[in-house]
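Everything below concerns the one structure shown next.
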Amino acid sequence: MLKTIQRNLLLCRIEVKRIVMYKKAEFLGRTHPSVVKSSHSLDTLLNKVQGICP
């Protein structure tokens, strides 16, 4: 049960981070440091969710 809640929370966080990153890239460009930082943060969340999911 706890893993399901954690996974769902991470998936929500991933979706929000992804939207924010896309919007930043749209306005600042894909290579802007803020976009790169968002991408790294998103990668971290994706790695976490892979550790929870089978």
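The values are calculated or read from the model by the stated rules, or taken from the named source; none is laboratory data. All figures in this text were calculated on a predicted structure; none of them were measured in a lab. Every residue, glycine among them, receives a Cβ derived from its backbone with ideal geometry; neighbour counts consider all protein chains shown. Accessible surface is based on the protein model in full, side chains and every heavy atom, while ligands, DNA and RNA are left aside. Shrake-Rupley method; radii C 1.70, N 1.55, O 1.52, S 1.80 Å.
The lysine pair tally for the chain, using Cα distances under 19 Å and a gap of 8 or more places or different chains, is 6. Using a probe of 1.4 Å on the protein chains alone, the accessible area found for residue 5 is around 90 Å². Of the labelled options (1) 27, 25, 16; (2) 40, 15, 12; (3) 43, 19, 6, which one gives Cα extents along the principal axes in Å as computed for this structure? Comparing each candidate, only (2) matches the computed number.
What angle do you read, to the nearest 10 degrees and between 0 and 90, between the alpha-carbon axis of helix 33-52 and the longest principal axis of the chain? Tilt relative to the chain: about 10 degrees.
Only the Cβ atoms of Lys and Arg (+1) and of Asp and Glu (-1) were treated as charged; on that basis the dipole of the chain about its Cα centre amounts to roughly 80 debye.
Label-to-label distance, residue 37 versus residue 11, with points set 7 angstrom from Cα along the beta-carbon direction: 3.0 nm. If a spin label sat at a point 7 angstrom from the Cα of residue 3 along the line to its beta carbon, the backbone N atoms of region 21-54 nearer than 18 Å would be those of 46-54. Counted by Cβ distance under 15 Å from residue 29, the other residues give a net charge of +3, where Lys and Arg count +1 and Asp and Glu count -1. Accessible-area rank, largest first, for 3, 48, 17: 3, 48, 17, with all protein chains present and a 1.4 angstrom probe. Principal-axis analysis of the Cα atoms of the chain puts helix 2-28 at an angle of about 10° to the longest axis.
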